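The values are calculated or read from the model by the stated rules, or taken from the named source; none is laboratory data. Note that the structure is a prediction, hence the values are computed from the model and not measured. Virtual Cβ from ideal backbone geometry, glycine too; neighbours counted across all protein chains shown.
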Amino acid sequence: MRHRRYFDWEEAFRFIWENADRDGIWRGDAASLAAEFDVLEDDAHSVLSELCDRRLIEKLYTGSFYLLNWREKDDPSIGDQ
């Protein structure tokens, strides 16, 4: 049985950041975010919309999301986050 993880925009953003590719693109959607956090897809969609409103992510035409202000994960200037 999976334990339910806390779900808010900060935790969702952390998950997206950690799972983005080297170009800062997260190839997920509301359904995959909902599955990860064991929440309703509508709730996940609302959080993705909030992240877009906060200008942390931007939805791409492909259905993926781009992380704004992305620096490559192996960039030494970002340190351990």
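Annotations
- Among the residues listed as 43, 21, the single one being out of contact with any Phe, Trp or Tyr (no Cβ under 6 Å at 6 or more places or on another chain), acidic (Asp, Glu) and more than 21 Å from residue 6 (Cβ to Cβ): 21
- In the stretch 24-36, the residues that are over 18 Å from residue 7 (Cα atoms) and either small (Gly, Ala, Ser) or assigned to a helix (DSSP H, G or I) (or both): 24
- Within the stretch 4-30, the residues that satisfy the criterion of being at negative phi, touching a strand residue (DSSP E or B) at 6+ places or on another chain (Cβ under 9 Å) and in contact (Cβ under 8 Å) with a residue 24 or more places away in the chain are 13, 16, 17, 20, 23, 25, 26, 27, 28, 29.
- Matching option when the condition is assigned to a loop (DSSP other than H, G, I, E, B), among the aliphatic types (A, V, I, L, M) and either modelled with pLDDT of 90 or more or more than 17 Å from residue 19 (Cα to Cα) (or both), among 47, 39: 39
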